[in-house]
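The next block holds one structure in the form of C-alpha cells; read it before the comments.
Only the coordinates and a few stated rules stand behind these numbers; no lab work does. Remember, predicted model here, so these are calculated numbers, not experimental data. Here Cβ is always computed from backbone atoms with ideal geometry, including for glycine, and neighbour counts include all displayed protein chains.
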Amino acid sequence: MKARLDMIKLVVSDLDGTLLTPEHRLGDYTREVLARVRAAGVELVLASGRHVMDIRVLASQVAGESDARDGGCLVSCNGAAVNAGDGSLVHSTCLPPEIVEFLLHDPLFETVQKNVFLTDGWLVEREEPSLLRYHQESGFRYQVVDFADIDRTAVLKVFYYGEQEQLRVLERQLLDRHGGCISTTFSLPVTLEVMAAGVSKGAALARLLATRGLDAADVLCVGDGMNDLDMLQLIAEGGGRALVMSNADERLHAALPDLPRAGHNSQEAVARRLAQLLDDGQLGSG
C-alpha cells in the first residue's frame, strides 16, 4: 500500500543496526536531530531486543534525563515489555515457567551460550565478554548465576548466542517442540531470541497505537533485523512510512523487497531522513 504524505506524529526506531552506529553508540548528529524531533512534538518510540534498563540510558541521551521522563515509549525484549519514558511498566508478557525450565536445562541447548532477561536484569551461567561490546554506551552488564536459582516467573526473554547456522537449526527444533507456547526471532544474526507466544515488536506497537488513538498512517518506522519484520509490515500495510536500513539482514530485504531503503547506520541515515522530513514540514504533532 502506498504511504500517505500526511504529517508524521510518531517515529518508531530499532536501535542496533538502525539508530545506533556500527559501534552501538548514538552519534552526536543523531542526538541533535532526535532532540529536534522531540521539540516538534513528535513522540519517539525506541523498539529493541535490548532490556529496558539498557534502552533507558540511551533514551536519556536524546534530550536529557528530565525531558526523557516526560514522553516517549520504550519497547524492550522484542515487545515482551513496554515502559513509559519514566521507566514505569505499561505492559509485560513473561514466558511460562515450565517453558523457561526447558529453555535453560534441556540438552538441546548444551552447545550454545544461554542468556536470561528478567524483568529487572540480565543473567548468564558463564561469562561471554564479546556480548558486552553491544552495551558500552549504556554500561548494561550481565550477572553470572546458577540458573537453578532464578525466578522462572519473571523471565521476559531467553536468548542464545552462537553460530548463525547452528541457531537456525535450533530455532526449527524449538518450534517443532513448543511452537504453540513461544515466539522466536533474531535481533542479530548470532542471537536466537525466545519470548512468550504472541510477543513481538509489531504486537506491542499495535497495542501502543490503539492507546494513542493513532493509525499506522501516522507513523514512520525504521528497522534492520528480522525482529523488526512484523512492525514494518504493520506500518507499511496501514499506509505509514516503513523504511528498511541498507545494512539490514538479507532475510529482511528478501521479505520486504518493495520497501524503500533508509541508508546505512554508519552514516547516521535515520537522523538524516528525519532532518529532511523536519525541514520539509512533514514531521510534527500537527
| message | Only four residue types carry charge here, +1 at the Cβ of Lys and Arg and -1 at the Cβ of Asp and Glu. Report the dipole size of the stretch 97-196 about the Cα centre in Debye, rounded to the nearest 20. | response | 260
| said: For the ranges 166-172, 237-243, 84-90, 213-219, what's the packing order if you count other beta-carbon atoms within 10 Å of each residue, average per peptide, and put the highest first? | reply: 237-243, 213-219, 166-172, 84-90
| request: Give the cross-link partners of K201 among the aspartates and glutamates, using a straight C-alpha distance below 14 Å as the criterion and excluding same-chain residues fewer than 8 apart. | output: D14, E193, D224, D228, D230
| Between (1) 19.0, 56; (2) 18.2, 56; (3) 21.2, 69, which matches Rg and Dmax of the Cα atoms in Å calculated for the structure shown? | (2)
| request: Quote the charge dipole size of the chain about the Cα centre in Debye, to the nearest 20; the model charges only the Cβ of Lys and Arg (+1) and of Asp and Glu (-1). | output: 680
| message | Restricting to Cα pairs below 8 Å that are 6+ residues apart, what does the relative contact order work out to for the chain? Please round to a whole percent. | response | 25
| request: Provide the per-residue ³J(HN,Hα) series for the stretch 74-85, in order, calculated from phi with Karplus coefficients 6.51, -1.76, 1.60 and θ = phi - 60°, each as a whole number of Hz, with x at glycine and proline positions. | output: 10, 9, 10, 6, 6, x, 5, 9, 10, 10, 6, x
| query | Would you list E163, E137 from fewest to most Cβ contacts within 10 Å? | reply | E163, E137
| task | Enumerate the calculated ³J(HN,Hα) couplings along the stretch 146-162 in order (Karplus 6.51 cos²θ - 1.76 cosθ + 1.60, θ = phi - 60°), each rounded to whole Hz, writing x wherever the residue is Gly or Pro. | result | 8, 4, 5, 9, 7, 7, 6, 8, 10, 9, 7, 7, 10, 9, 10, 10, x
| message | If R₀ is 45 angstrom, what is the calculated FRET efficiency for the pair R261 and V145, using the beta carbon separation as r and rounding to 0.05? | response | 0.60
| task | Give, in nm to one decimal, the length gained when the segment between R212 and E127 is fully stretched (0.36 nm per residue of separation minus the Cα-Cα distance). | result | 26.5 nm
| request: Show that you can apply the helix-only estimate: for the chain, add -39,500 (n - 2.57) for every DSSP H stretch of four or more residues, divide by all residues, and state [θ] at 222 nm to the nearest 500. | output: -9000 deg cm²/dmol
| What percent do you get for the relative contact order of the stretch 97-196 when only Cα pairs under 8 Å and 6+ apart count? | 27
